[in-house]
Amino acid sequence: KQEVTQIPAALSVPEGENLVLNCSFTDSAIYNLQWFRQDPGKGLTSLLLIQSSQREQTSGRLNASLDKSSGRSTLYIAASQPGDSATYLCAVRNNYGQNFVFGPGTRLSVLP
Amino acid sequence: NAGVTQTPKFQVLKTGQSMTLQCAQDMNHNSMYWYRQDPGMGLRLIYYSASEGTTDKGEVPNGYNVSRLNKREFSLRLESAAPSQTSVYFCASSVTGLVVYEQYFGPGTRLTVT
């Protein structure tokens, strides 16, 4: 059964810092991996989607990498801003079945 | 283009009452999903529908039923609500086929069962 973990559970950084969020999964037979952002009391907003054949995806200040063989993905945020404060979740879809399996999230606070 | 919409936004039920959560998407996606989000448990899949006319159980289907009314709409029904069903419910949709594209989520329904 696929399990997804995210470390750290919470992170607090001063504005302007570059930071890395980690996502690990136990079964490397994944179809794709998606990173989301969730603001308090809101739904999930898609940030980046990486197909299993890709190594990384970039959008603005965000860069996500994928290493299937080691079961890891990282989300790199450059020059963090207070507006980046949110919970970041990763989700993987296996090659088998329709399920997306979510990690528990990393709660990020960027301090002005 | 509204994306994924959900109604209601908030609901309080008494134990044993029934209700239906509504979800609609206007992106012409073939697949739709219902999740619940609980503190410390993350998001868990309740049911999904790969295409109009098909539904399948996810990780936590007990106590729920679903209907894929047409390509746009996917509803979740609680027949006899229990306090353990207090949660935030999210609907999502995506295109799936030869390639699986990203999921888009609705704003959620916050349900309290007393």
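Stokes-Einstein at 37 °C, 0.692 mPa s, Kirkwood radius from Cα pairs: D for the range A:1-64 in µm² s⁻¹?
Reported coefficient: 240 µm²/s.
Can you pick out the pairs among A:LYS1/A:LYS42; B:LYS9/B:LYS57; A:LYS68/B:LYS71 whose Cα atoms lie more than 31 Å from each other?
Too far apart for the 31 Å limit: A:LYS68/B:LYS71.
At 1.4 Å probe radius, can you tell me the per residue accessible area of the protein assembly as shown in Å²? Let's see the in-between values first.
Working: 10390 Å² over 226 residues.
With the other protein chains kept in place, the protein assembly as shown gives 46 Å² per residue.
How much accessible area is lost when chains B and A come together, counting both sides, with a 1.4 Å probe, in Å² rounded to the nearest 100?
For B against A, buried area totals roughly 1700 Å².
From the phi of every residue in the range A:88-96, what ³J(HN,Hα) in whole Hz does the Karplus formula 6.51 cos²θ - 1.76 cosθ + 1.60 yield, where θ is phi - 60° and glycine or proline is x?
Result, ordered by residue: 10, 10, 10, 9, 10, 10, 6, 5, 9 Hz.
Read phi for every residue in the range B:51-62 and hand back ³J(HN,Hα) as whole Hz from Karplus 6.51 cos²θ - 1.76 cosθ + 1.60, θ = phi - 60°, with x for Gly and Pro.
In residue order, the calculated couplings are 6, 4, x, 10, 9, 9, 6, x, 6, 10, x, 4 Hz.
Averaged over A:39-51, how many beta carbons belonging to a partner chain fall within 10 Å of each residue's beta carbon?
Mean partner shielding for this stretch: 4.
Label points 7 Å out from Cα along the Cβ direction at A:ALA78 and B:VAL12: separation in nm?
Result for the modelled spin labels: 4.9 nm.
Quick one: pull the percent of accessible area on chain A belonging to carbon and sulfur, 1.4 Å probe, ligands and nucleic acids left out.
Ligands and nucleic acids excluded, carbon and sulfur reach 50 percent.
With just the Cα atoms defining each centre, how far is the range A:21-66 from the range B:1-66? Give it in Å.
Measuring centre to centre over Cα atoms gives 22 Å.
The values are calculated or read from the model by the stated rules, or taken from the named source; none is laboratory data. This one's a predicted model, so the numbers in the text were calculated from it and none came from an experiment. Please note: Cβ atoms are built from the backbone with ideal geometry, for glycine as well, and neighbour counts cover all protein chains shown. When the accessible area is computed, the model is the full protein with side chains, heavy atoms only, and any ligands, DNA or RNA have been set aside. Shrake-Rupley method; radii C 1.70, N 1.55, O 1.52, S 1.80 Å.
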